[in-house]
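These notes concern the structure reproduced below.
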Amino acid sequence: MKLLEDRIRQDSEVLPGDVLKINSFLNHQVDPELMMAVGKEFARLFDQSGVTKVLTCEASGIAPGVMAAYELHVPMVFARKKKPSTLNDAVYWADVYSYTKKTANQICVEQKFLHEDDNLLIIDDFLANGEAVKGMINIANQAKADVAGIGIVVAKTFQGGSSWIKEHGYRLESLANIASLANGEVQFADEK
Ligand code: 5GP
């Protein structure tokens, strides 16, 4: 998606450990117009997939997730990283190893929000090794829901997540594909 690639070129910083910082439009401050364009693109790509719900993860999946859900006219559910004290009902849990924090976490979704007849579009901000996506697929499986596909805003295709998703037969749509962050430079896959 050219708009997104242009914004990454202008407004990103490469941190040690192959981490791309995009705090000015997605991971801290959010650009709603860009997120709406992202949501529209996901909706266009998954328009014919019979999506009934978007599943994402707090916090940075929420902006692209809710815009995609708005455009697809379906609800969005975000997995929580801590079980809130107000949440007393049954929940699905999954283990997720955090790429940026290097810690093992758990995510949870209240069982009443996911059903056997759901066809989920899983959305996340970044794809690195695929741990967050695997956690959300695990939760979808526990709910016996189908997964229509995975929508990622920025995929680092040189890490393992993209191949894992495709090898496991899921449809993957990523709007910006980064082939390398070597030497502090962003190289997009379509530039190679
Ligand atoms: P994965 O679970 O695929 O290994 O990593 C994806 C998660 O880690 C994303 O939800 C995102 O929060 C975080 N993440 C991974 N790589 C990056 C990155 O380069 N930049 C930022 N900002 N977050 C990342």
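Couple of notes before you dig in:
- Of all the listed residues (33, 41), the sole one being buried (at least 16 other Cβ atoms within 10 Å of the Cβ) and part of a helix (DSSP H, G or I) is 41.
- Pick from the stretch 60-76, criterion among the hydrophobic types (A, V, I, L, M, F, W, C) and either in a helix (DSSP H, G or I) or within 16 Å of the ligand (Cβ to nearest atom) (or both), ranking: surrounded by the fewest Cβ atoms within 10 Å (Cβ to Cβ): 62
- Put simply, of 144, 166 the only residue that is under 22 Å from residue 79 (Cα atoms) and either surrounded by 20 or more Cβ atoms within 10 Å (Cβ to Cβ) or out of contact with any Pro (no Cβ under 9 Å at 6 or more places or on another chain) (or both) is 144.
- Residue 112 fulfils the conditions (1) closer than 29 Å to residue 15 by Cβ; (2) in contact with an Asp or Glu (Cβ under 9 Å, 6 or more places away or on another chain); (3) of a type in the set (D, E, K, R) except for a single criterion, (1).
- Among residues of the stretch 155-174 that are among the acidic types (Asp, Glu), those with a Cβ under 9 angstrom from a residue that is more than 12 Å from the ligand (Cβ to nearest atom), sequence gap 6+ or separate chain, pair up as 173/41; 173/42; 173/45; 173/46; 173/149; 173/151.
- Looking across 94, 179, one residue alone is small (Gly, Ala, Ser), surrounded by fewer than 21 Cβ atoms within 10 Å (Cβ to Cβ), assigned to a strand (DSSP E or B) and within 15 Å of the ligand (Cβ to nearest atom). It is 179.
- Checked against the criteria, residue 111 counts as surrounded by 14 or more Cβ atoms within 10 Å (Cβ to Cβ) and at pLDDT 95 or above.
- Among residues of the stretch 44-59, those that are surrounded by fewer than 21 Cβ atoms within 10 Å (Cβ to Cβ) and not basic (Lys, Arg), counted: 8
- Residue check, residue 133 touching a residue at least 12 places away in the same chain (Cβ under 8 Å), within 16 Å of the ligand (Cβ to nearest atom) and part of a strand (DSSP E or B): no
The values are calculated or read from the model by the stated rules, or taken from the named source; none is laboratory data. Keep in mind that what you see is a predicted model, and the values were worked out from it rather than measured. Cβ coordinates were reconstructed from backbone atoms using ideal geometry, including for glycine residues, and neighbour counts include every protein chain displayed.
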